[in-house]
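Here the structure comes first, spelled out in structure tokens, and everything after it is commentary.
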Amino acid sequence: MEPESRKVGDHAHKFIDDKYSVEASENQANEALRLPITEAAPIYEQLLTVFPTAAKYWKQYVESQMAVNNDDATKQIFSRCLLNCLQIPLWRCYIRFIRKVNDKKGVEGQEETRKAFDFMLSYVGADIASGPVWMEYLTFLKSLPALNTQEESQRMTAVRKVYQKAIVTPTHHIEQLWKDYENFENSVSRQLAKGLLSEYQPKFNSARAVYRERKKYVDEIDWNMLAVPPNGSYKEELQWMAWKKLLAFEKGNPQRIDNGSSNKRIIFTYEQCLMYLYHYPDLWYDYAMWHAKSGSVDTAIKVFQRALKVLPDSEMLRYAYAELEESRGAIQPTKKIYEGLLGDGINTSALAHIQFIRFLRRTEGVEAARKYFLDARKSPNCTYHVYVAYAMMAFCLDKDPKMAHNVFEAGLKRFMHEPVYILEYADFLTRLNDDRNIRALFERALSSLPSEESVEVWKRFTIFEQTYGDLASMLKVEQRKKAALAGAGEEGPSSLESSLQDVASRYSFMDLWPCSSKDLDHLARQEWLAKNINKKVEKSSMLNAPGFAEEGSASLISNLAVSSQVVYPDTNQMVIYDPRQKPGAENFQTTTAAGVPTASKSTSNPMIAAVCGQTISAFDEILKATPPALVAFLANLPVVEGPTPDVDVVLSICLQNDVPTPQPGKSGTAPMPLASIPVPSTSDLSVSSKSHPILSGSSFKPSRGKRKHLDSQEDDEMTVQSHPLPRDAFRIRQIQKARGTTSQTGSASYGSAISGDVSGSTG
């Protein structure tokens, strides 16, 4: 037993670390199954303290007690869990225990068992899985002995009543119950059965239709879920939505039964829901308010009391509970709730002080509220919110502006460093139209507030002067604001100058502006550019390398126009990826081979251009070995920015492009022998048209071959040029295959692999 005890201890330690861990709880429950009940009982108690609505743990616990015939402990466990865990397996375990206890008690035991069945069905008879319980109860009633005709008649009447309740309850076994009911009535009296069955047939049909709809909602619910506090997981949200849908379905009374029966089903659904969403305050609130709207305020009060035992730290539920009590005139119970929120007064929140002051003002009058405010001021947790709330209550409710002014002045001595308090005080003075004291307040506040915390105060001061001041005072305050915030980094150095944005702000009113929304957007961008122009100039200096003379300025302007509210990566740190680049390869300026233009100026292909005018050394080697015709072709390729272009479109452009033929003597360099150029393979040319430039074979004349061969080749060229060129790779490969025989005798294919042009000999 020692290893097992050690293992249980390990699980207990893990459980303490995270008491709501589902995995640790399941491990503990499994371990408890393998232990004697005397050792397992503390584990069960610990589990059920954390998960008091976990019916499966209660069932496992009580079955362990029943296995050792510990009837007293079993009864005690059932008394603790049955009414809070409305789950069929647990209740069937209860009825098994009752039948076991009363089997040998004769008639008295049978009556106790019958009462236990009625008790169970009154709580869980509406469950969609309660069909077996109804069947078991009917079987029990049919098995009761009848000593005379009167007892037989009473038994048949009792069985009929149970059947008639069962067949109108939407359960999984509703059709089987209907068939059993038909057989029962026909066995008693066919004449009577005809009338009863015709009466209950429509009710059964309605219940069966409701069952089919109800089953759709029930199937979405996880009945093995443990009640854990909400953590925002997707599974929990799905369960919350599934329960809300089922509750809405039941509240709609789809079966059109009487209000009493409908309310009973709704209560049952809420109770089941709270077994799994035990820590969700919104569901407790919905449940209580449903009772209140149904006229059962006392029941709603009990629901709130249960909820606060589960969630004692939920201020929302306490305020909702107090609101319900106050709405029905129960002032003293409401006051107790507020006093519970206040606690010991040391850790009381400012909000609790404010709400209690308002409650006292509503129920006991001005003097009681004032007296409590004077006490609340001394609390270490009293913030400026309490002063603002009481001052505005005195001003708006008591119509006492002098008292409100005194409260604000008293609070100013403690909260001069709070910009929000300054603004609230300014709003109050604005209502009094006391412009002299408003200016004095702003001057006092701005002289003591740090510049980084005074932004909102300066803005409000500016707005005040725009409304109440003359032009000189308005311009003066704006200039002071710019000077103060420029030192705090809120404004750039150029902000000391007047701008059109300031004019637009001065002459606007509410949502009316002296310009269009497009102009506003333009001014906002310009303001941001003015603040960040120095940073951008530093970055733009890196873009003045060769190859970016034209494109660099355009990209600078486009980058500067970006909104300041969006964070973008530093593109100056980005380097074009080239799989042929070796680690540690050095970058250097592009050199110009004789007769070959630089890649950065002659070509606009982004695969060749490099960042900041620098190129990889491998590119220079390729350019040195590239004939002028190929360089000219690359220069004519369109600029591609963004994702890889469509291969078929690139091939079509290649087929329709006229490549200039270099003439000997006119070029700056002698024609480069074709044998010195590495010939790309067909697979390379067909796979990537970006990394392997394609040359047309029309620039090279065959050096040998029969006249007949040349004529057929020219005919093929004329045929290709006289028809529209195909735009898809499949058609191009078909042309290639059809003309492949022309490039096999003493020649290497150097262009026909894709384009189908004339094959040039390399010999």
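The values are calculated or read from the model by the stated rules, or taken from the named source; none is laboratory data. Here the structure is a predicted model, which means the values were calculated and not measured. Please note: Cβ atoms are built from the backbone with ideal geometry, for glycine as well, and neighbour counts cover all protein chains shown. What goes into the accessible areas is simple: the full protein's heavy atoms, side chains included, and nothing from ligands, DNA or RNA. Shrake-Rupley method; radii C 1.70, N 1.55, O 1.52, S 1.80 Å.
Points to keep in mind about this one:
- Percent carbon-and-sulfur accessible area, the stretch 221-279, ignoring ligands, DNA and RNA, probe 1.4 Å: 54 percent
- Largest first, the extents of the alpha carbon coordinates of the stretch 163-206 on the three principal axes equal 29, 16, 13 Å.
- Solvent exposure ordering (accessible area, 1.4 Å, most first) of H172, H279: H172, H279
- For the stretch 69-83, 3J(HN,Hα) per residue [Karplus equation, 6.51 cos²θ - 1.76 cosθ + 1.60, θ = phi - 60°, Hz, x = Gly/Pro]: 6, 8, 5, 5, 5, 5, 4, 5, 5, 4, 5, 7, 10, 4, 6
- Where the stretch 221-279 is the region considered: accessible area per residue in Å², 1.4 Å probe: 46 Å²
- Estimated at the nearest 10 Å², the accessible area of E418 is 50 Å² with a 1.4 Å probe.
- Pairs from the list K336/K371; K161/K216; K115/K161; K115/K203 with a Cα-Cα gap above 21 Å: K161/K216; K115/K203.
- Theoretical gain in end-to-end length, D222 to A330 [0.36 nm per residue, Cα-Cα removed]: 34.8 nm
- Peptides 370-381, 399-410, ordered by how many other C-beta atoms sit within 10 Å of their residues on average, highest first, read 399-410, 370-381.
- Ordering of 155-165, 280-290 by packing is 280-290, 155-165, highest average first (other Cβ atoms within 10 Å, averaged per residue).
- Each peptide in 452-460, 465-473 gets a packing score, the mean of other Cβ atoms within 10 Å over its residues, and the list from highest to lowest is 452-460, 465-473.
- Label-to-label distance, nm, for residues given as D71 and A632 (7 Å Cα→Cβ offset): 11.2 nm
- Gain on full stretching of the segment that runs from K309 to E111 - 0.36 nm per residue minus C-alpha separation: 67.6 nm
- For the stretch 375-511, the fraction of 1.4 Å probe accessible surface lying on carbon and sulfur atoms is 54 percent.
- The modelled label-to-label distance between A486 and E621, using points 7 Å beyond Cα along the C-beta direction, is 5.7 nm.
- Calculated FRET efficiency, D511 to E23, Cβ-Cβ distance, R0 = 41 Å: about 0.15 to the nearest 0.05.
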